[in-house]
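As structure tokens, the structure follows; a few thoughts come after it.
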Amino acid sequence: MPVRLPQKHWTTKIGQAAAHPAAFAIVLVYAALWISIDRTTFDFNAVATLMVWLMPLLIQRANRRDTLALHAKLDELLRVDQRARSELTRLDEQEPETIAEHRDAEVEELERSK
């Protein structure tokens, strides 16, 4: 039976789209249109505006790459440890609120067992 993944929240979808290479293409197309349609207003402020749009894309992409690499490494560690629970390898596919609930439940369970 195939595993069904939960529906992603709209903010997660936007974050993933921002990390996609097509987001850079959209900014570059916008800049090309701006230059070709109204070159007189393409000054320092216009370049600064484009940089403000590009920097979050670069930061988001780097953060996503780092996060994916970290998750791949942790998944491998979970796979090789016989005592690890296999459902934890899919935890990163959940929404942040669900992950926080899971973490809070684990902390409560740990405190009860002490």
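On the basis of being assigned to a loop (DSSP other than H, G, I, E, B) and either small (Gly, Ala, Ser) or in contact (Cβ under 8 Å) with a residue 12 or more places away in the chain (or both), does Ala22 make the cut?
Working: assigned to a loop (DSSP other than H, G, I, E, B): no; either small (Gly, Ala, Ser) or in contact (Cβ under 8 Å) with a residue 12 or more places away in the chain (or both): yes.
So Ala22 does not fit the description; no.
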Among the residues of the stretch 52-61, is there at least one that is exposed (fewer than 10 other Cβ atoms within 10 Å of the Cβ), at pLDDT 85 or above and of a type outside the set (Ser, Thr, Tyr)?
yes
Looking only at the stretch 30-50, how many residues end up being assigned to a helix (DSSP H, G or I) and either loosely packed, with under 11 Cβ neighbours inside 10 Å or basic (Lys, Arg) (or both)?
10
Residues of the stretch 75-84 being in a helix (DSSP H, G or I) and out of contact with any helix residue (DSSP H, G or I) (no Cβ under 8 Å at 6 or more places or on another chain), which ones?
Glu76, Leu77, Val80
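The values are calculated or read from the model by the stated rules, or taken from the named source; none is laboratory data. Model, not experiment: these values are computed from the prediction. In this analysis, Cβ positions are derived from the backbone assuming ideal geometry, glycine residues included, and neighbour counts consider all displayed protein chains.
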